[in-house]
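What follows is a single structure, written as structure tokens, with notes after it.
Read the figures in this text as sums done on the coordinates, not as results from a lab. Everything numeric in this text was worked out from a predicted model, so none of it was measured. Neighbour counts run over all protein chains shown; Cβ positions are idealised from the backbone, glycine included.
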Amino acid sequence: MPVVRRNILTDAVARDDYVRGVGLLKQGNSPYTTTQLGIPGPAAPVRTYDLFVVWHGRTMMTPIPPGGNPQVRNAAHRGPIFLPWHRVMLGFLEQNLQRVLNKPGFALPYWDWSADGDLGSPTNAQIFTPAYLGGDGDPVSDGPFAFHAADPATFTVRIEAAGPGGMTLRQTSRGLRRAFAQPPPFGWLTLPTGAEVKDALAFTPPAGGNPVDRYDTLAFDASSEGFRDRLEGWIPKDPARPVHLHNQVHVWIGGDMGPSTSPNDPVFYLHHCNVDRIWEGWLNRYGRIYAPDMTAPAGTYKGERIDDPIASPLGASATPRSVLDVSAIYTYDVLP
Amino acid sequence: MDPTSNPTIDPTKLKAAAEPGAFGGYLAALPHPPMGHDHGPMKSVRTAEYQGHRISITTTYEITVDGKPLMAGLDVDDSGMLSCHGLPAYQFVSAVDAVRVLIHNYPDYFGGGG
């Protein structure tokens, strides 16, 4: 029976379950230690929540194609695999929340950031009030993810990017960081608007091309034309406006949403659930299509073609094709 | 793959793979990055063709902060915009801006300025 993902602002039960479930995943040790996961320093248990932080950071270091430059394209970002990979990641979190909550009907809620963009991007938006995710700060000091140094159960960031190279992780013990609406280049002053989401959804490739050109096109990277690159937020390339949609939300929130370890902030999942909802709206509108197909040369595109394995514990059984229709697992209350 | 077969992800497999033991096992089996390794100066190679001519532009940023080489790869794309792995959702029009923002986001790494 598929679960229905809903807007966190209209579903207090989902909100409370999400906050409680994240807390449980943050407290629960996985069977693995930092040493076993290749993170320097003394061996420490890795909390189940932090497995997701490691997964995101390590996948960002995994180049597409193998042997390539992960900064140009990696197994989760800067190419067509961006949407399928994050869909699988959200599925993994949702499964873990259902498990720790003992609630198989739990559905991950989403944060429709464009609604706040339409309201002028208030830094005191409802989602960032103490009853929801709390506000900004270093550390965040209100709401369920505030840091209280004397409380051993407080929300603690334990794994972070080791430095500006972004290629290695390290252990830490500190509170969550957010810095809303910093001026550029340090951040961005506004959230995306509903009109900008509509523009991305309405993108139409030049007549006479392949229908899948609507999703993505050569060279399938951060410069390629298509819906995916618009939603990920790399295009339009505009020096006066370097960030869009998905990227813009990361940059607007700032703090821990900046580095490769951005899943440290629980807002990451609510943000990506909305990104996934927008993709689902696109799939619903234009058909369950994807590019590139398997005729794209493996030497350049292996790891992001339609039947290539997604970088995940599911191995070869999870491919972009396998996540184009997830209606057996979840649906959304409203599609854009 | 036969596109007429049912390719949809299997909810049972998803549930099993998401168990912390299986999930952590996957991460533990990944090749570990060399400890302390980060980018040195990286080359960006941009290629294009124009009127039958083949264009290749190689760009390398060699950056120091307080006299020390900055181990952060900056990459420039065909549009001339910069990205860096340390802040993967950002895009910059200036390398100086990129380094300023890295210093802002990694204060422990850079320490106090002079």
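Would you work out the relative contact order for chain A, in percent, from Cα pairs under 8 angstrom that are 6 or more residues apart?
Relative contact order for chain A comes out at 22 percent.
Kirkwood Rh, Cα Rg: Rg to Rh for chain B?
Radius of gyration over Kirkwood radius for chain B works out to 1.15.
If each Cα of the range B:43-110 is one equal point scatterer, what is log10 of I(q)/I(0) from the Debye formula at q = 0.13, 0.22, 0.25, 0.27 Å⁻¹?
-0.42, -0.94, -1.14, -1.27
To the nearest 20 Debye, how big is the dipole of the range A:138-290 about its Cα centre, given +1 on the beta carbon of each Lys and Arg and -1 on that of each Asp and Glu?
That gives the range A:138-290 a dipole magnitude of about 60 debye.
Taking the Cα centre of chain A as origin, sum charge times position over the Cβ atoms of Lys and Arg (+1) and Asp and Glu (-1), and report the length of that vector in debye to the nearest 20.
Magnitude of the dipole: close to 580 debye.
From Cα pairs below 8 angstrom and at least 6 apart in sequence, can you work out the relative contact order of the range B:43-110, rounded to a whole percent?
18
Take each uninterrupted DSSP H stretch in chain A, measure its Cα extent along the helix axis, and return the ones at 24 Å or beyond whose mean Kyte-Doolittle hydropathy is at least -0.5.
Qualifying helices: A:82-101, A:267-286.
Ignoring everything except DSSP H segments at least 4 long, calculate the 222 nm mean residue ellipticity for chain A; use -39,500 (n - 2.57) per segment, divide by total residues, nearest 500.
-9500 deg cm²/dmol
When each pair of different Cα atoms in the range A:3-323 is counted once in the 1/r mean, what is the Kirkwood radius in angstroms, to one decimal?
20.1
Count the lysine pairs in the protein assembly as shown that are 8 or more places apart or on different chains: how many have C-alpha atoms under 28 angstrom apart?
Pairs that pass both the separation and distance tests number 12.
Give me a comma-separated list of calculated 3J(HN,Hα) values for the range B:66-81, in order, Karplus coefficients 6.51, -1.76, 1.60 applied at θ = phi - 60°, integers in Hz, x for any Gly or Pro.
6, x, 9, x, 8, 7, 9, x, 9, 10, 10, 9, 4, 7, x, 8
What is the sum of charges around A:Gln171, taking Lys and Arg as +1, Asp and Glu as -1, for the other residues whose C-beta is under 13 Å from the C-beta of A:Gln171?
After counting each charged neighbour, the total is +1.
Under the rule of at least 5 residues apart or a separate chain, name every residue whose amide H is placed under 5 Å from the amide H of A:Gly137.
Amide H to amide H, under 5 Å and 5 or more residues apart or across chains, A:Gly137 pairs with A:Arg178, A:Ala179, A:Phe180.
Arrange the following residues from fewest to most other Cβ atoms within 10 Å of their Cβ: A:Thr172, A:Thr204.
With the sparsest Cβ surroundings first, the list reads A:Thr204, A:Thr172.
Report, in whole Å, the centroid distance computed from the Cα atoms of the range A:230-260 and the range B:83-105.
12
Picking from A:Tyr301, A:Ala195, A:Pro185, whose Cα lies most toward the positive end of the charge dipole for the protein assembly as shown (charges on Cβ: Lys, Arg +1; Asp, Glu -1)?
A:Tyr301
To the nearest 20 debye, what is the magnitude of the charge dipole of chain B about its Cα centre, counting +1 on the Cβ of each Lys and Arg and -1 on the Cβ of each Asp and Glu?
Around 60 debye, computed over chain B.
Most mobile of A:Tyr290, A:Tyr32, A:Tyr301 per a Gaussian network model of chain A (Cα springs, under 10 Å)?
Among A:Tyr290, A:Tyr32, A:Tyr301, the largest GNM mean-square fluctuation belongs to A:Tyr32.
Please give, to one decimal in nm, the separation of the simple spin-label points placed at A:Asn124 and A:Gln171, each 7 Å out from Cα toward the Cβ.
Result for the modelled spin labels: 4.1 nm.
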